[in-house]
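Peer 1: My questions all concern the structure below.
The values are calculated or read from the model by the stated rules, or taken from the named source; none is laboratory data. Bear in mind that the values here come from a model prediction, so they are computed numbers and not experimental data. Every residue, glycine among them, receives a Cβ derived from its backbone with ideal geometry; neighbour counts consider all protein chains shown.
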Amino acid sequence: MKLEKPNLSFWQIWNMSFGFLGIQFGFALQGGFMSRIFQTLGAKPDDIPLLWIAAPLTGLIVQPIIGYLSDNTWHPRFGRRKPYFLIGAILSSLALFFVPNSPSLWVAAGLLWVLDASINISMEPFRALVADKLPNKQRSYGFVMQTLIIGIGTWVASNLPWMVNKLGFSDDETTGIVPMYVKIAFAIGAMVFLISILYTIFTTKEYPPEDLEAFRNNKKETNFFKDFYTSCIEMPSTMLKLGIVQFFSWFAFFTMWSMATPALTDHVYHSPAPIASNYNLKDAKQEEIVKSLDKKYNLAADKVGSSMGMYGLSSMAFALLLTFYTSRYKINRRNIHLGSLFLGGVGFLMMFYATPSSLKYCFILIGISWGSILSMPYAMLSGSVNPAKMGMMMGLFNMFIVIPQIIAALGGINILYKLFGQETIFAMTLAGVSMLLGSISTLLITDKQAITDHE
């Protein structure tokens, strides 16, 4: 007999979601400043998407494996998902500390592999935990709570280098060296990541499998490749349709993470990163010019990072409204997602016309789409899959996230944005078109269980 999961209180859901604060610190620092680190170490704008390929490739490999392992893990003391939270947190914290201290471009690219793989080890079990612990009628609430915490993490982490700089840690004027305040910000991010994960581990109790003996027998009989194959075969149609929506929306966000800094520092702030190889650094005057241009670029990159933080603040506000609403009323998940992605697309398209003072409004619109992306697809999916395979299914679902990013990294961005024009700002135009296509694609979702909260 299937046990009915009890409704959880606000604070119980908050505690089980709090670890996402650290995860998002990692993602926000990575998304807002990794391209900047690459450029500081000598990367050209068109090289950056390929350097970012580590992120989606590790997700493609790691997420299904971790999902499978966490589905088949149970320890009376450590639980099912929590061991993976902890392992991922330790590795991510170490990677966050070392990334800005990379001595060369390829070391930084290698550490990005480690960082993203480690974040994925923690993140995927968090998605499954919501479905594990909450009854279906609370799942939208649970995923929205995660989104609220993610929004807080995005805003704080995106502004962290600026905050640290204001405390007196100035730019390092040495060409090719990541500023000290950026290094300190990443170190703070590493500590927040570990502490927030530990908070969830110590405040959240997991439910054991309903039939422990059957769970143990099934664990002996199954293996990853068999489970992966059967899960692919059993993939619900709703999951495939959501996959199309995810393809377009995550192509857009990967384009933003990899190209926003070079595009916006150039187009909006007119302060592109200087290419040291174009100057004779043995000449004192030219060296001074490079230092001056580098300082202007760092200031512009700080402002871009701070503006990007607005999408975290916006997603937080959007999630807060949804949190209050979903705790009391049913929602139409599809319509919310459709409208949110549309607004995000408009935000990206507006960047071409943005000024330093108006850029934040573009990111506010993008934040609304981000808040929906982090909650509505998972809420729509959770009621359509086998609870015993929730980790594996969430891992498979994330393949629809990483595949468009791999396509984007392997040339998709560079080829497609040049159809609009040669300037890097047209990468943001490409992101806007992709997001609008994602909005239209939500109309493919017709399953009433997926669209609306139900008892």
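Peer 1: If you check P83 against the conditions, is it modelled with pLDDT of 80 or more, over 28 Å from F251 (Cβ atoms) and not in a helix (DSSP H, G or I)?
Peer 2: no
Peer 1: Can you confirm whether the stretch 328-338 contains a residue that is surrounded by fewer than 18 Cβ atoms within 10 Å (Cβ to Cβ) and touching a Gly at 6+ places or on another chain (Cβ under 8 Å)?
Peer 2: No, the stretch 328-338 contains no residue that is surrounded by fewer than 18 Cβ atoms within 10 Å (Cβ to Cβ) and touching a Gly at 6+ places or on another chain (Cβ under 8 Å).
Peer 1: Where in the stretch 1-70 are the helices (runs of 4 or more DSSP H), entirely inside, with at least 2 residues that are at pLDDT 80 or above and not aliphatic (A, V, I, L, M)? If you could, list the steps in order and put the result at the bottom.
Peer 2: Numbers: elements: 10-17, 19-40, 48-51.
Once the helices (runs of 4 or more DSSP H) in the stretch 1-70 are filtered for at least 2 residues that are at pLDDT 80 or above and not aliphatic (A, V, I, L, M), what remains is 10-17, 19-40.
Peer 1: Right, here's the next one. Just one of L134, L112 is modelled with pLDDT of 75 or more and more than 16 Å from T200 (Cα to Cα); which is it?
Peer 2: Criteria check complete, one pass: L112.
Peer 1: Let me ask something additional. Tally up the residues in the stretch 255-267 that are surrounded by fewer than 24 Cβ atoms within 10 Å (Cβ to Cβ) and closer than 13 Å to M350 by Cβ, please.
Peer 2: Within the stretch 255-267, residues that are surrounded by fewer than 24 Cβ atoms within 10 Å (Cβ to Cβ) and closer than 13 Å to M350 by Cβ number 1.
Peer 1: Take Y297 and decide whether it is at pLDDT 80 or above and under 21 Å from A28 (Cβ atoms).
Peer 2: Yes; evaluated as a whole, the condition is true for this residue.
Peer 1: Report whether or not F78 is among the aromatic types (F, W, Y), modelled with pLDDT of 75 or more and surrounded by fewer than 18 Cβ atoms within 10 Å (Cβ to Cβ).
Peer 2: In short, yes.
Peer 1: List pairs: first in the stretch 100-120 and among the acidic types (D, E), second crowded, with 23+ Cβ neighbours inside 10 Å and in a helix (DSSP H, G or I), Cβ under 8 Å, 6+ apart or cross-chain?
Peer 2: Going by the 8 Å Cβ cut-off, the qualifying pairs are D116/Q30; D116/A55; D116/G59.
Peer 1: A further question follows. Going by what's in this entry, would A89 be described as crowded, with 23+ Cβ neighbours inside 10 Å, modelled with pLDDT of 80 or more and assigned to a helix (DSSP H, G or I)?
Peer 2: In short, yes.
Peer 1: Filter the stretch 102-130 down to the residues that are in a helix (DSSP H, G or I) and hydroxyl-bearing (S, T, Y) and list them by number. Steps first, please.
Peer 2: Initially, the stretch 102-130 is screened for residues in a helix (DSSP H, G or I), giving 105-130.
Those that are in a helix (DSSP H, G or I) and hydroxyl-bearing (S, T, Y): S118, S122.
Peer 1: Sticking with this one: Taking the stretch 268-286 as the search range and keeping residues that are surrounded by fewer than 18 Cβ atoms within 10 Å (Cβ to Cβ) and among the aliphatic types (A, V, I, L, M), which one is farthest from G411 (Cα to Cα)?
Peer 2: It comes out as A284.
Peer 1: Let me ask you something else. Grab the helices (runs of 4 or more DSSP H) fully contained in the stretch 333-444, keeping just those with 3 or more residues being under 16 Å from L264 (Cβ atoms) and without any contact (Cβ under 8 Å) to a residue 12 or more places away in the chain.
Peer 2: Ranges flagged: none.
Peer 1: Might you check whether a residue that is surrounded by 13 or more Cβ atoms within 10 Å (Cβ to Cβ) and at pLDDT 85 or above occurs anywhere in the stretch 213-220?
Peer 2: No, every residue in the stretch 213-220 fails to be surrounded by 13 or more Cβ atoms within 10 Å (Cβ to Cβ) and at pLDDT 85 or above.
Peer 1: Here's a follow-up. Among L8, L41, which is the only one that is over 29 Å from V99 (Cβ atoms) and surrounded by fewer than 24 Cβ atoms within 10 Å (Cβ to Cβ)?
Peer 2: Just a single option satisfies the conditions, and that option is L8.
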